[in-house]
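What follows is a single structure, written as structure tokens, with notes after it.
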Amino acid sequence: MNGILIVDKPEGWTSHDVVAKLRGALKEKRIGHGGTLDPMATGVLPLFVGRGTRAVEFMEAADKEYEAGLRLGIVTNTQDTTGLVLEERAVNVSEEDIKAALLSFLGESEQLPPLYSAIKVKGKKLYEYARAGKDVERSPRKIYISRAEPLGWQGEEYRFRIVCSKGTYIRTICHDLGEKLGCGAAMSYLRRTRAGAYSINEALSLEKIIEAAEKGQAERLLRKVDSLFSEYPPLRLDSGRERICRNGGSFSADDIKDGTYRLYNQGSEFLALAKAEKGLIKIIKSFYEV
């Protein structure tokens, strides 16, 4: 069983919980996910199955889209509403103030990761320091926000949509928004609506996947690994070039424009992701069956 499952992660589950559950249901040990979601978050969690696990690194690096909820007037130790409230502040901001603050995050910036996170410092995860009551120096990381869309009030929280680069913490965006507004804020809702090429409309519930597995039909739900690279054009190889590709070698291709390509053999088997540069094609990652 090889491919990609697009799961709609339920609230209250860790990403590892989902992986463990489906390892049992699918009877497949080789399953990995392409980007952690906090337990309170829901939405698109791509799982890579079998030989598909070779593609995990590409999903981890892909942009993600989220819909988030902002609770104004509080500051918590986890930067979301599951944490301990450290401060309560008066809220005297307009919707226009919120919109302006949100849009100010567009582009490249540096983000200080939250103390309650799995980033490692000196061999330990940050949340281990936090739970032990120890502060530790954290290094800011570059992030890029390509889209920020205000959605308006929904009950007591303000909703917005955001498209961001790898490693962006939406909890921290919410916290920093609160500091920018002067009233404090914490993330009250998070749903990942897109990860790389996959949208929430394609995501399947755990129940549906498990039901299909019990009927021996789970393989029908798998997306092909090459669907992850749909933005790149395909390139079909003749038998000679296919042989070189399978041996991990590079080959000349003077007639091919520079860029990234999906390589296939004449039988339409996806072989590899490759880069063409100055008339030479080099393999980035191979995906063919050994």
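Just so you know, all these numbers are worked out from the coordinates, no wet-lab data involved. As the structure is a prediction and not an experimental result, all values here were calculated from the model. Here the Cβ positions follow ideal geometry from the backbone for every residue, glycine too, while neighbour counts run over all protein chains shown.
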- Query: Summing -39500 (n - 2.57) over the DSSP H runs of n ≥ 4 in the chain and dividing by its residue number, what mean residue ellipticity at 222 nm do you reach, to the nearest 500 deg cm²/dmol?
  - Reply: -6000 deg cm²/dmol
- Of the candidates A118, A101, P150, the farthest towards the positive dipole end of segment 64-195 (Lys/Arg Cβ +1, Asp/Glu Cβ -1, centred on the Cα centre) is A118
- Query: How far apart, in nm, are two points set 7 Å out from the Cα along the Cα-to-Cβ line at E179 and at S199?
  - Reply: 3.5
- Item | Given K9/K122; K64/K278; K21/K208; K142/K180; K120/K166, the pairs whose alpha carbons are separated by over 24 Å | K9/K122; K64/K278
- Which residue, N77, N247, N201, has the most motion in a Gaussian network model of the chain that connects Cα atoms within less than 10 Å? N247
- Modelled label-to-label distance, K124 and D258, 7 Å Cα→beta-carbon offset: nm? 4.8
- So how far apart, in nm, are the two label points at E149 and K99 if each is 7 Å from Cα heading toward Cβ? 1.5
- Would you kindly state how much longer the chain becomes between S250 and S230 on full extension, computed as 0.36 nm times their sequence separation minus their alpha carbon distance, in nm to one decimal? 5.0 nm
